[in-house]
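Colleague: Once you've had a glance at the structure underneath, I'll fire off some questions.
Every number here is computed from the coordinates shown, using simple stated rules; none is lab data. Note that the coordinates shown come from a computational prediction; the quantities given were computed from them, not determined experimentally. Cβ placement follows ideal geometry from the backbone for every residue including glycine, while neighbour counts extend to all protein chains displayed.
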Amino acid sequence: MGATDPIISADCHIDLIWLPPKLFTENATRSLKGRMPYVTDGPDGPVWVARNGAFFGLQNGMGSAGRNYVPGEIYRSDRMAAQGLYDDGKNGIRRLTNPQLRIKDQDLDGVCGEVLYGILGAAERLGDPEAAIEMMRIYNEWLANFCSEYPDRFAGIASIPGNNMVSALEEIERVARRGVVKGLEVPSTTDAKPLYHEDWTPLWSAAADAKLPIHFHTVGGPKPDFESMEPLESRRAFAVFITGFQLNMAQKLMEVIYGGLLEAHPELIVVIGESGIGWIPYLLEHMDLEWEDQFKDLTLTMKPSEYWRRQCRATYQSDPVGIRLLDLLGEDNVMWGSDFPHPDGVWPDSQDFINRELRTLSKDTRRKITHDNAASLYGFPLVA
């Protein structure tokens with residue numbers, strides 16, 4: 001790809017730990033102020049906590065969990081540290097939630113737009129469902145204001161509660177009426193009710209009516225108790241957990257398609273974020289086989305893989321195997337994303353990854369994956 005080719009990252013993040021320290025306590029209703037996350041002093045610096053004991057990590061720390069950056073531990077984090085990201089964070093410079101500074105980091109990576117996933121995971125970790133709903137409302141309003149600063153460069157994905165359908169529907173209506181945000185993220189945890197459960201039905205209808213795509217972001221499977229293990233066992237368990245992180249999205253994709261969600265709402269787009277793509281062709285082929293063999297009594301009128309082609313999208317940051325299977329995936333169904341600023345992301349080296357992995361594709365196909373598909377879905381301007 002040429003140095004001037006436009007690139008949109010369809011998977012980036014705004015994490016709670018980089019938000020303004022008083023965002024939630026200043027904007028919550030009076031009855032919930034005392035249950036909101038806030039910043040306090042910790043042994044290694046300021047930390048985000050809640051009064052119920054919930055812990056969210058170091059303020060301006062590494063990744064969604066706010067870990068402490070340790071040089072040499074994760075190579076991709078070393079690359080981010082080399083650009084001063086964590087040092088700036090320690091000095092109170094919130095590059096990730098200051099729109100002007102975030103644009104500079106886009107430019108550093110050769111990116112002209114970002115799709116921004118939010119704080120759904122942190123809201124669930126709060127362990128207070130009522131307060132979490134308020135927390136998401138506050139964040140979604142902040143996100144709309146943030147994206148309004150550069151609407152051609154930011155596409156925000158609103159965080160929607162999954163444990164209270166009345167509140168979820170109210171928030172979908174509110175963010176749709178407010179405008180600015182470009183999609184909805186709903187919980188994709190392994191302990192949530194299956195997506196074909198009738199309790200979810202009103203949410204799918206509301207999303208379709210709002211004309212906002214639904215997003216499920218990979219969160220991994222149940223987390224082992226690493227601290228109870230011997231060091232080597234813990235490292236092995238962590239390797240399995242991290243390596244298999246994205247494969248948990250297979251369950252969500254099967255639930256969406258087999259569950260008839262896409263059949264009932266043919267205009268609704270579903271995105272699985274940071275899922276990777278190499279595993280998807282096998283799953284679709286196997287779903288087609290099983291549907292033909294024994295599941296034609298489901299409420300589907302065409303093959304599972306045809307729903308994928310019509311209504312599904314997936315993002316990846318580095319997946320050479322998936323790119324080799326692009327004819328099975330569909331070039332219109334794949335979107336590249338850097339995963340910035342998470343420690344397994346490819347910022348600030350996105351151009352190198354894209355050039356290396358997409359070099360054998362035609363210019364038109366490369367452009368679809370790295371720009372046009374995201375621009376079309378999220379309303380970014382199509383750059384010539």
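Colleague: Restricting attention to the stretch 342-360, does a residue exist that is part of a loop (DSSP other than H, G, I, E, B), on the phi < 0 side of the Ramachandran plot and of a type in the set (Lys, Arg)?
Modeller: Restricting attention to the stretch 342-360, the residues satisfying the condition of being part of a loop (DSSP other than H, G, I, E, B) are 342-349, 358-360.
Add one more test, that the residue is on the phi < 0 side of the Ramachandran plot, and what stays is 342-349, 358-360.
From what's left, of a type in the set (Lys, Arg): 359.
So far as the stretch 342-360 goes, yes, one or more of its residues are part of a loop (DSSP other than H, G, I, E, B), on the phi < 0 side of the Ramachandran plot and of a type in the set (Lys, Arg).
Colleague: When the stretch 241-298 is examined, which residues are found to be under 21 Å from the mean Cα position of the chain (by Cα), part of a loop (DSSP other than H, G, I, E, B), under 19 Å from residue 186 (Cα atoms) and not β-branched (Val, Ile, Thr)?
Modeller: 268, 274, 275, 276
Colleague: A further question on this structure: Cβ-Cβ distance below 6 Å, separation of 6 or more or different chains: which pairs start in the stretch 322-342 with a residue that is in contact (Cβ under 8 Å) with a residue 12 or more places away in the chain and end on one that is of a type in the set (Phe, Trp, Tyr) and part of a loop (DSSP other than H, G, I, E, B)?
Modeller: 338/347; 340/347
Colleague: Among the residues of the stretch 174-197, which ones are assigned to a helix (DSSP H, G or I) and over 22 Å from residue 124 (Cβ atoms)? Explain how you work it out, then say what you get.
Modeller: In the first step, residues of the stretch 174-197 are kept if they are assigned to a helix (DSSP H, G or I); the result is 174-178.
Those that are assigned to a helix (DSSP H, G or I) and over 22 Å from residue 124 (Cβ atoms): 176, 177, 178.
Colleague: Still on this structure, I have one more. Of everything in the stretch 56-115, what is more than 22 Å from the chain's Cα centre (by Cα) and of a type in the set (Lys, Arg)? Give them in sequence order.
Modeller: Of everything in the stretch 56-115, just one residue is more than 22 Å from the chain's Cα centre (by Cα) and of a type in the set (Lys, Arg), namely 90.
Colleague: Sticking with this one: Going by what's in this entry, would residue 173 be described as surrounded by fewer than 15 Cβ atoms within 10 Å (Cβ to Cβ), among the charged types (D, E, K, R) and touching a residue at least 24 places away in the same chain (Cβ under 8 Å)? Give the derivation first.
Modeller: Numbers: surrounded by fewer than 15 Cβ atoms within 10 Å (Cβ to Cβ): yes; among the charged types (D, E, K, R): yes; touching a residue at least 24 places away in the same chain (Cβ under 8 Å): yes.
For residue 173, the condition - surrounded by fewer than 15 Cβ atoms within 10 Å (Cβ to Cβ), among the charged types (D, E, K, R) and touching a residue at least 24 places away in the same chain (Cβ under 8 Å) - is met.
Colleague: Right, something else. Look through the stretch 88-117, keep the residues that are of a type in the set (A, V, I, L, M, F, W, C) and either part of a helix (DSSP H, G or I) or in contact (Cβ under 8 Å) with a residue 60 or more places away in the chain (or both), and return whichever of them is surrounded by the fewest Cβ atoms within 10 Å (Cβ to Cβ). Quick ask: steps written out before the conclusion?
Modeller: Going residue by residue through the stretch 88-117, those that are of a type in the set (A, V, I, L, M, F, W, C) are 93, 96, 101, 103, 108, 111-112, 115-116.
Applying the additional criterion that residues be either part of a helix (DSSP H, G or I) or in contact (Cβ under 8 Å) with a residue 60 or more places away in the chain (or both) yields 96, 101, 103, 108, 111-112, 115-116.
Working: 96: 22, 101: 14, 103: 17, 108: 12, 111: 25, 112: 20, 115: 26, 116: 22.
Of everything passing the filter in the stretch 88-117, 108 is surrounded by the fewest Cβ atoms within 10 Å (Cβ to Cβ).
Colleague: Cβ contacts < 9 Å: first residue surrounded by fewer than 20 Cβ atoms within 10 Å (Cβ to Cβ), restricted to the stretch 245-259; second residue part of a helix (DSSP H, G or I) and not hydrophobic (A, V, I, L, M, F, W, C), any location; separation 6+ or different chain. Result?
Modeller: Matching pairs, first to second residue: 254/304.
Colleague: Can you tell me which residue among 234, 228, 167 is over 27 Å from residue 374 (Cα atoms), without any contact (Cβ under 8 Å) to a residue 60 or more places away in the chain and surrounded by 17 or more Cβ atoms within 10 Å (Cβ to Cβ)? Steps first, answer last, please.
Modeller: Working: 234 fails: surrounded by 17 or more Cβ atoms within 10 Å (Cβ to Cβ); 228 fails: surrounded by 17 or more Cβ atoms within 10 Å (Cβ to Cβ).
Only one candidate qualifies: 167.
Colleague: Within the stretch 45-55, which residues are in a loop (DSSP other than H, G, I, E, B) and either among the aromatic types (Phe, Trp, Tyr) or within 24 Å of the chain's Cα centre (by Cα) (or both)? Can you show your working first?
Modeller: Our first condition is that a residue be in a loop (DSSP other than H, G, I, E, B); within the stretch 45-55, this holds for 50-54.
Result: 50, 54.
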